[in-house]
1. For chain B, set up a Gaussian network in which alpha carbons nearer than 10 Å are linked by springs, and say which option among B:Leu152, B:Leu225, B:Leu103 fluctuates the most.
2. What FRET efficiency do you get for A:Ser2 and B:Glu165 if R0 is 22 Å and r is their Cβ-Cβ distance, rounded to the nearest 0.05?
3. Using Cβ contacts closer than 10 Å as the measure, can you line up B:Ser49, B:Ser68 from fewest to most?
4. What does the structure give for B:186-196 when I average, per residue, the other chain Cβ atoms found within 10 Å of the residue Cβ?
5. If you take the charge dipole of the stretch A:1-70 about its Cα centre, with +1 on Lys and Arg Cβ and -1 on Asp and Glu Cβ, which of A:Phe55, A:Thr10, A:Pro32 is farthest toward its positive end?
6. To the nearest 500 deg cm²/dmol, what mean residue ellipticity at 222 nm is calculated for the protein assembly as shown from DSSP H runs of n ≥ 4 alone, each contributing -39,500 (n - 2.57), summed and divided by the residues?
7. Need one word for the protein assembly as shown: rounded, prolate or oblate. Basis is the Cα gyration tensor (sqrt eigenvalues a ≥ b ≥ c); a/c below 1.5 gives rounded, then a/b vs b/c decides.
8. Treat every Asp and Glu Cβ in chain B as -1 and every Lys and Arg Cβ as +1, leave all other atoms uncharged, and give the resulting dipole magnitude about the Cα centre to the nearest 20 debye.
Amino acid sequence: MSVWIAIGVTAVGCYAVKLLGLLVPAGALERPLVRRLAALLPVALLAALTAQQTFADGQELVLDARAAGVAAAAVALLLRAPFLLVVAAAVVVTAGVRAMGG
Amino acid sequence: MTEQTALSDAPGIGDTGAKPDAAVVRDALGVGVAVGLSGFAFGVTSAGSGLTLAQTCALSLLVFTGASQFALVGALAAGGNPLTAAAGAFFLGVRNAFYGLRLSQLLALPRAVRPFAAQWVIDETTAVALAQPTRRAVRLGFTVTGLTLYVLWNLTTLLGAVGAEAIGDTDAWGLDAAGPAVFLALLAPMLKNTTERVVAALAVLLGLGLLPVLPAGVPVLVAALAAPLVLWARGRRARGAEDDGALRGAVEREDGR
């Protein structure tokens with residue numbers, strides 16, 4: 001049940017902000033500070049999420065096969081690989097390291 | 001801003017400068033198909049995190065903004081409180097409001113149509129729409145990208161979730177690395193200058209450092225504070241420099257007398 005609550009709240013919230021942008025008059029959110037903050041907020045969230053989902057096991061920090069996989073994704077990104085290839089690199093390398101007992 | 005001016009005023013964009021519909025559709029399909037297929041990664045990750053098939057599909061149908069979806073299932077899998085998990089997903093979705101703001105000027109949709117177009121206001125549709133030279137091309141690019149992505153993202157979510165249930169232990173296949181890889185791929189193009197890199201580094205430190213001590217899901221929300229913190233610190237420095245300048249100016253004027 002609590003999962004459905006989380007889904008419901010997220011769905012309503014995410015739709016509301018999408019619609020808000022289309023409905024408010026231009027200029028209302030155009031203050032430079034608000035724009036800067038809106039651009040930086042996803043940077044902070046995505047960076048923290050990337051790090052956590054790479055190194056967290058519950059509430060502990062661990063170094064396991066995922067780190068190798070995400071490192072492979074980083075290399076793929078530096079080589080300007082397409083999105084799907086970046087994700088595939090992470091999955092294949094993580095599976096490979098794990099198969100070798102890492 | 002520059003794109004919008006170019007859209008209506010630029011000379012030479014008329015019959016001769018207009019982009020053929022086929023070219024717009026090709027661009028839109030390219031983005032829509034490539035990203036739409038990655039719904040597979042979401043379906044697998046979500047099912048691997050313990051969400052049911054119905055929950056996984058509901059997320060893609062109703063939330064339809066990838067980063068928020070991955071964040072929500074990650075937070076729920078980590079045992080986070082549902083509202084804390086939803087808050088993290090919501091804050092990631094806030095950027096779409098700013099996309100909507102730009103798109104509403106470019107698309108110039110009637111008010112009655114906006115609630116239907118809203119669900120498609122995401123990274124990819126905005127990127128394709130902003131790249132188009134005329135209003136007709138903007139509308140076509142937005143619609144084709146949105147429709148392709150919505151249909152494929154939901155289909156591949158379903159396939160991924162069904163597939164994950166079939167293969168059982170998704171971790172053995174390395175599929176738990178798909179989530180962070182998606183986040184990294186979304187993050188990389190945003191790290192253009194020092195401010196963004198400092199925000200990212202600080203957020204990583206906060207997110208990892210607070211993980212062992214705060215309840216699941218909360219460290220990510222605290223890490224989001226890296227954005228206002230860095231902005232505030234930069235603002236202070238800029239103001240400090242201005243004040244110094246003003247002071248120096250005042251001193252110079254005094255000296256001049």
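Throughout, read-outs are computed from the coordinates displayed, never taken from laboratory work. Computed from a predicted structure; not experimentally measured. No Cβ is skipped: glycine too gets one built from the backbone with ideal geometry, and neighbour counts run over all protein chains shown.
1. Largest GNM mean-square fluctuation: B:Leu225.
2. It comes out at approximately 0.55.
3. B:Ser49, B:Ser68
4. 4
5. Value: A:Pro32.
6. Mean residue ellipticity at 222 nm (helix-derived): -24000 deg cm²/dmol.
7. The shape class here is oblate.
8. Here chain B has a charge dipole of around 620 debye.
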